[in-house]
Amino acid sequence: MISSVRYWFLIALIVLVYIAGMFATLFENDSAQFAVMAMRMVQENDFINLFKGPNEYLDKPHMHYWLAAIFFKIFGIYDWTYRIPGLLATLLGAYSCFGLGKLLYNHDIGKFAALIFMTCQTIVLSVIDVRTDAVLTGFTIFAVWQLVTYIEKNSLKNILLGAFGAGMAFSTKGQIALLVIGICIFCHITYTRKWKQFLSWKVLVALLVFLVTISPMLYAYYLQFDLHPEKIIRGRNNRSGIFFIFWEQSFERLSGDGMGKNSSDYFFFFHTFLWVFLPWTVLALIAYWWRIKTFIKLRFTYNSNYEFLTLGGITFIFFIISFAQFKLPHYMNIMMPLYAILTASYLHSLNRFTKDKAIKFLLGVQYFILALVFIFSVLICFYVFKFQNWYSYAILITVLAAITYFCLKREAYYMRIITLSVCSSLLLNGVLNMQFYPSLLKYQGGSSMAQKVKENDIDVTAIYKFSESHSWALDFYNKQPVKIASLSELNDKKDIWVYSDDNGLKEMIASGLDWDKQLTVDQFRITRLQLKFLKPATRAKKLNKMHLVHLY
């Protein structure tokens, strides 16, 4: 088994990679948008009404924004403070993976599950590009762990903690939390046949705790929407916030109504999984197939050496979300703890039953993934965004030397698989967080313009725009949402600044507006990377411009 020294050393390195990413500029759209929504709560001292720009926001409940606002209150409005709840929720998720893996299997599988969870690509990304899914995932797997512990040990404390976790997850993103928790618990209790655990007064107490936990969110929805049926939200009046979060929300995403449709590809989440669970993808796919074969041989009869929670949870949840007409890669984050535990149990079984042939094959796969990560990292550091400082070379050489040492170190194949997989994640995300993202985000127009606003000592309250296109990064780093005014209204204003793209400047000229000062920055949609942008020789051709002009 892995030594405690190595295990905690790897955990510490992972956390350092997380922390390095916390100081990067916020990504548009979602991270910067959600940060602005939380910022407005603090600035306007309004923790009830959610707004996305000028429009009232019904899509997601309040918990994520409340948590960010709390840390804004404590530490100030900064990008790193916005990311603290996501980091803490991810650490909670890792500890819950450990607890659930230990409960279902043993202590070692729990440790490996936490390590796998913390290093899979989408989880590392969620700590820097923080959306609601980081908090959702942490509290969801916490709730599953505590409720399964109640089923196994009949402890009042555990079912109450599970109810609290479920309430926090539901208050973060709605029905998807209860769907995942419910499916996992149903799979476990069906397989173990411990139905009697829910025929108890403790369940009623837990329901009360759940209702108390979600009551602040429901009350806020009630005040903002249910009390105001005259409000038009997405083209409809008489919108009940409470009815929406209990019924309409997930069905709108499944059908595409309200949210719109962005993918009817039923295999979207399969090919998405190929990268979101790196560097453990191949191991997870083999573990899933191996577990299916095992249950088929057992004819799904109960065997105390196995659990059905992870396999059943992954299968049913994957099937349901694949039919959604609105899909995004981070929707899979909530399933990562289940994959982590399943993969950890498979790795442990390979070592326990000394399946050397399979272990050697998987070690070869992980060497191949590490090689791809190495090539990718070198391309980033020496071609896409070249190093500018000597110490960057020193850090990279040190990391590569450490990885080479573990590649050449003579130790059990099983141990090499784990160590080299973690090293792949550390190398990839260390390069991304410390070199790629900081360089990439220089091409994000809003945050770059905010820096120019600060350098030129421009009054942020005098900045306007005449389109409703987002300006989240500019809003956040100015700590002041950009005001919206029509072109005719701008004609009547003096000594103001207008934020616009190239097409907007043409409209301003056509309307007769003139200006005496102009600031311009590069703009690229950084969440939609293109090969021509990544190539330095063709990058300029893919850039747009954002402008800030002074009307005198």
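Laboratory data are not the source of any read-out in this text; all were calculated from the coordinates shown. From a predicted model like this one, the values you see are computed outputs, not experimental measurements. Note that we place each Cβ from the backbone using ideal geometry, even for glycine, and neighbour counts take in every protein chain shown.
Per-structure values
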item: 5 angstrom amide H check on Ile496, placed H, neighbours 5+ away; result: Leu551
item: Whole-Å semi-axes of the ellipsoid equivalent to region 370-513 (Cα gyration tensor, √5λ, descending); result: 49, 14, 13
item: Cleavage-rule hits, GluC sites (Glu not before Pro), region 465-512, DSSP coil, Cβ neighbours within 10 Å at most 13; result: Glu468
item: Amide H partners (placed H, <5 Å) of Lys52, local residues excluded; result: Tyr57
item: Reciprocal mean inverse distance between Cα atoms of region 1-45 - Kirkwood radius, Å; result: 13.2
item: Simple label model, 7 Å out from Cα along Cβ direction - Arg528 to Asn49, nm; result: 3.2
item: Stokes-Einstein D in µm²/s, Kirkwood radius over Cα pairs - region 356-442 at 4 °C with 1.567 mPa s viscosity; result: 94
item: P(r) weight above 19 Å for region 444-551, C-alpha pairs, percent; result: 44
item: For peptides 162-169, 524-531, sequence by mean Cβ density within 10 Å, most packed first; result: 162-169, 524-531
item: Efficiency of FRET between Leu16 and Asp502 - r from beta-carbon atoms, R0 35 angstrom, step 0.05; result: 0.30
item: Simple label model, 7 Å out from Cα along Cβ direction - Tyr302 to Thr190, nm; result: 1.5
item: Base-10 log of normalised Debye intensity for region 4-260 (one unit scatterer per alpha-carbon) at q = 0.07, 0.08, 0.15 Å⁻¹; result: -0.26, -0.35, -1.15
item: Span-like helix ranges in the chain, DSSP H, alpha carbon extent 20 angstrom or more, Kyte mean at least 0.5; result: 4-22, 79-104, 132-153, 156-173, 175-192, 201-221, 281-298, 356-379, 390-408, 413-431
item: Computed [θ] at 222 nm, helices only, for the chain once each DSSP H run of length n ≥ 4 contributes -39500 (n - 2.57); result: -20000 deg cm²/dmol
item: Ranked by how many other beta carbons lie within 10 Å on average, peptides 33-40, 437-444, 131-138 from highest; result: 131-138, 33-40, 437-444
item: Packing rank of 239-246, 280-287, 226-233, where each peptide gets the mean count of other beta carbons within 10 Å, highest leading; result: 280-287, 239-246, 226-233
item: Cα-based Rg of region 297-437 normalised by 2.2 N^0.38 Å, two decimals; result: 1.33
item: Ranked list, fewest to most other Cβ atoms within 10 Å of each Cβ, for Ile84, Ile109, Ile395, Ile341; result: Ile395, Ile84, Ile109, Ile341
item: Under 18 Å from Lys73, Cα to Cα: lysines that are on another chain or at least 8 residues apart; result: Lys479
item: Unsatisfied cross-links (Cα-Cα over 27 Å) in the set Lys465/Lys517; Lys483/Lys545; Lys386/Lys532; Lys386/Lys465; Lys52/Lys532; Lys60/Lys327; result: Lys386/Lys465; Lys52/Lys532
item: Within straight-line cross-link reach of Lys360, aspartates and glutamates at Cα separation under 17 Å, skipping those fewer than 8 residues along the same chain; result: Glu411
item: Lys/Arg +1, Asp/Glu -1 at C-beta; the chain dipole; positive extreme among Val17, Phe246, Ala462; result: Val17
item: Length-normalised contact order of region 4-260 in % [C-alpha pairs under 8 Å, at least 6 apart]; result: 17
item: Rh (Kirkwood; distinct C-alpha pairs) - the chain, Å; result: 25.3
